[in-house]
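The values are calculated or read from the model by the stated rules, or taken from the named source; none is laboratory data. Just so it is clear, the model here is predicted, and its values are computed rather than measured. Cβ atoms come from the backbone with ideal geometry, glycine included; neighbour counts cover every protein chain shown.
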Amino acid sequence: MRLPFRAIARAAPAVHAPSSQAVAGVSVDDAALARLEVAARDFHFLPRQPVHSVLAGRHASRVRGRGLAFEELRLYLPGDDIRSMDWRVTARTGRPHVRVYTEEKDRPVLLVVDQRINMFFGSRRAMKSVSAAEAAALAAWRVLAEGDRVGGVVLGDDRIEAFAPRRSRDAVQQLLGGIARFNQALRADAPARRAAGQLNAALERTARMARHDCLVIVVSDFDGHDTRTRDLMLALATHNDVLTILVHDPFLGALPGSGQLVVSDGELQVELGFGHAATRRGIAEFADARARSLLDWHHAMGVPLLPLSAAEETAPQLRRLLGRPLQQAPVRQRTGAAR
């Protein structure tokens, strides 16, 4: 069963937020994203991941992290590590010398944040667009705290905005302000424009910014992905690290026993009743097939994927996937297919 790209659950009607005010769960503003700085803790994007992290094992080696940069040669001092001895210089000068290294601090991080109309859906807690914005904000604040530069590419249905990586609070706030502007431009009554090509356009823009040794984090539901998307991500992964955060809503994987789903392509719409077994089976098969396709697609590329549910709080999910386990009992992972 093939569903048009835009589906609206009557149980959670979307309300358009004025540009000057955000409605919790429906839209965000830059102030709300700035407040997430205090929650950006207990996870990181460095190579050594906890054993329970989805980046543990074979994925850990794909996140390069920082290296060591040569700083100077100097005379050996008591207590220096003998392994840092430069034997050639020692032999040439007749005096023991050691090589001094400093930790390399610079690893730019680029966030690709999807704010297209396909992200403007939510059955519980928040729209996918809001969860994506929150995830990007948490990542940006975490990266800044670790001393790296952060920038990004934000994509909407009709435009793309890029932010060069910089290491400052102003840079993060400018990026979050851009995300908030795109987020608040989403409207439930806007003409449906399926801008599938925008994802590829955003990745092309990212490729021009990420020459090498960057970490690229793509936050999206990957609506409209195709072979070109795969090729672009593989090209990015050749000289950079790529991590994807798949934002999904569990609605299609746990349909209610009654009610209706309104599906529209912007011109025509149809109501699907949940009381019909054939309809429920078709929707479930569609959701499962799409979830399997996305997971297989990322696995084949060797790109780590973090499943982020819009129905749950964003920060605790990132901590479970990337950081230390929560002190309290962990929230049960939902098994619903990604939408």
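Given the structure, is Ala136 touching a residue at least 40 places away in the same chain (Cβ under 8 Å) and either assigned to a loop (DSSP other than H, G, I, E, B) or not basic (Lys, Arg) (or both)? Yes: the conditions hold for Ala136. Whether any residue in the stretch 11-28 is modelled with pLDDT of 50 or more and part of a strand (DSSP E or B) is what I want to check. No, the stretch 11-28 contains no residue that is modelled with pLDDT of 50 or more and part of a strand (DSSP E or B). If you go through the stretch 80-109 and keep only what is among the β-branched types (Val, Ile, Thr), modelled with pLDDT of 90 or more and under 30 Å from His239 (Cα atoms), you end up with just Val109. Taken over the stretch 239-261, the criterion of being at pLDDT 90 or above and of a type in the set (A, V, I, L, M, F, W, C) is satisfied by Val242, Leu243, Ile245, Leu246, Val247.
Of all residues in the stretch 71-96, those satisfying the criterion of being within 46 Å of the chain's Cα centre (by Cα) and surrounded by 12 or more Cβ atoms within 10 Å (Cβ to Cβ) are Leu73, Arg74, Asp80, Ser84, Met85, Asp86.
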